[in-house]
Amino acid sequence: MPEGMIIKALSGYYYVRPDEGGDPVQCRARGIFKKRGVSPLVGDRVKFSETENGEGIVDEILPRSTELVRPPVANVDLAVLVFSVVHPDLNLLLLDKFLVHTESAGLDALIVFTKFDAADGEPDRERIVESVEAARQLYESIGYGSLVTSARRGEGIEELKRRLSGRISVFAGQSGVGKSSLLNALVPGLKLETSEISKKLGRGRHTTRHVELVPLPGGGYVADTPGFSQLDFAELGVGEIGSCFREFRELAEGCKFRGCTHVHEPGCAVLAAKERGEIAESRYANYLEFMTEWKENRRRY
Ligand SMILES: Nc1nc2c(ncn2[C@@H]2O[C@H](COP(=O)(O)OP(=O)(O)O)[C@@H](O)[C@H]2O)c(=O)[nH]1
Ligand SMILES: [Mg+2]
Ligand SMILES: [Zn+2]
């Protein structure tokens, strides 16, 4: 039975790109999926059979490595966290929040700083460039890849293509940081709406969107819809936040108490490392902020 990958789902049809090449096959899903309460997702690797009319049936969903809810995509292995260096300014609290969510979802993350060209026109250009460099050093030291780009000047685009090659990626980031512009630069002919264009068209916010995986020229796929739009910690356990800080993980094994929250406990190895300056101040401060936010959320529900 041929195998392939679902690259688009629309109105009950799944578009399967066969592994051996050729055009996507428009498939229905077998009724058994519905009975079992599972539905095929974009990104799923599937076995399918072709029917007489040139269409097909998805017969089997192969095991998923990851499963995202927003956007609903299976087997994503990389989150591209997009942060502009200006307009809007770099926001490390939000970056750490995205990282908690990518870690929790089991995804690797690549941090992409965008609009680097726009720093040139700023009166405090030096400070902006230094803060981007400092952020890169910090996150690379924790084990995250990072890149500096300008979609306008075409900087960093080839390198980004290389990093996305062979993977399924989802882009994430605040509105206006340049996600669509970056994707348009990566995929010739894609023409996703950027904010300037959508303003001109005066589009409403109610256009229903479906998810589609866009094949990249250098190999790999990108979801055309941004991910992690809702960043609360509702689905996380309190202990989970700490384990989503990569540099805390190994240290936490040395904490005196099991279930240590690394806030005030005696014999906490994370706090000790922080005192020795081995954990960045901003990372620890953001961790405390998230723990507070988590507790406030709990109180509300
Ligand atoms: N100067 C500069 N502006 C950019 C760049 N990339 C995007 N922009 C602008 O930033 C705004 C938001 O871009 P868009 O791609 O729609 O961001 P999104 O909301 O994250 O998808 C638009 O006005 C773009 O023209 C860039 O590399 N340099
Ligand atoms: Mg956009
Ligand atoms: Zn601890």
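Find the relative contact order for the chain and round it to a whole percent, using C-alpha pairs within less than 8 Å whose residues are 6+ positions apart.
Contact order relative to length: 15 percent.
Where the eigenvalues come from the Cα gyration tensor of region 238-300, what are the semi-axes √(5λ) of the equivalent ellipsoid, largest first, in whole Å? Numbers along the way, then the final one.
Values: eigenvalues 73, 36, 20 Å².
After scaling each eigenvalue by five and taking roots: 19, 13, 10 Å.
Binning at 10 angstrom from zero up to the longest distance, how are the C-alpha pair distances of the chain distributed in percent?
Histogramming the chain at 10 Å steps yields 6, 24, 29, 24, 13, 4, 0 percent.
Between Glu250 and Asn91, what's the calculated FRET efficiency when r is the beta-carbon distance and R0 is 25 Å? Round to 0.05.
Values: r = 27 Å, r/R0 = 1.09.
The calculated FRET efficiency here is 0.40.
Name the most mobile residue of Gly156, Gly259, Gly219, meaning the one with the largest mean-square fluctuation, in a Gaussian network model of the chain with Cα contacts below 10 Å.
Its mean-square fluctuation being the largest, the pick is Gly259.
Say we join alpha carbon atoms closer than 10 Å with springs in a Gaussian network model of the chain; which of His264, His101, His210 then has the biggest fluctuation?
His264
Place a point 7 Å from Cα of Glu122 in the direction of its Cβ. Which residues in region 58-102 have their backbone N less than 12 Å from it?
Once the point is set 7 Å along Cα→Cβ of Glu122, 84-92 turn out to lie under 12 Å by backbone N, inside region 58-102.
Could you check the spin-label model distance between Ser243 and Glu296? Points 7 Å from the Cα along Cα→Cβ, value in nm.
2.6
Name the trypsin sites (Lys or Arg not before Pro) in region 114-162 that are in a loop by DSSP and that have at most 15 other C-beta atoms within 10 Å, would you?
Arg152, Arg153
Report, in deg cm²/dmol and to the nearest 500, the calculated mean residue ellipticity at 222 nm for the chain, where each DSSP H run with n ≥ 4 adds -39500 (n - 2.57) and the sum is divided by the residue count.
-10000 deg cm²/dmol
Taking springs between alpha-carbon atoms closer than 10 angstrom, which of Leu213, Leu236, Leu186 fluctuates most in the Gaussian network model of the chain?
Result: Leu236 has the largest fluctuation of those listed.
Provide the convex hull volume over Cα atoms per residue for region 99-251, in Å³.
Dividing the Cα hull volume of region 99-251 by its residues yields 150 Å³.
Please give me, ordered by residue number, the GluC sites (Glu not before Pro) of region 27-103 that lie in loop per DSSP and have at most 13 other Cβ atoms within 10 Å.
Glu52, Glu55
Determine, at each q value in 0.14, 0.24 (inverse angstroms), the log₁₀ of I(q)/I(0) that the Debye formula gives when each Cα of region 3-61 is one equal point scatterer.
Log10 I(q)/I(0), no solvent term: -0.30, -0.91.
Counting only residues 5 or more places away or on other chains, whose amide H sits under 5 Å from the amide H of Ile111 once H atoms are built in the peptide plane?
Correct list: Leu81, Gly145, Ser146, Leu147.
With a 4.7 Å Cβ cut-off, tell me which Cys residues in the chain come up empty for a partner.
Cys27, Cys244, Cys268, each lacking another Cys Cβ under 4.7 Å.
Could you tell me the relative contact order of region 238-300? Use alpha-carbon pairs under 8 Å, at least six residues apart, and round to a whole percent.
29
Post the alpha-carbon centroid distance, region 251-280 to region 65-114, in whole angstrom.
Going from one Cα centre to the other spans 26 Å.
Please list Lys256, Lys35 in order of solvent-accessible area, largest first, computed with a 1.4 Å probe with all protein chains present. Can you show the working numbers first?
Values: Lys256 145, Lys35 175 Å².
Result, largest first: Lys35, Lys256.
The values are calculated or read from the model by the stated rules, or taken from the named source; none is laboratory data. Because the structure is predicted, anything quoted here is derived from the model rather than measured. When we count neighbours, we look across all protein chains shown, and the Cβ atoms used for this are built from the backbone with ideal geometry, even at glycine. Accessible surface is based on the protein model in full, side chains and every heavy atom, while ligands, DNA and RNA are left aside. Shrake-Rupley method; radii C 1.70, N 1.55, O 1.52, S 1.80 Å.
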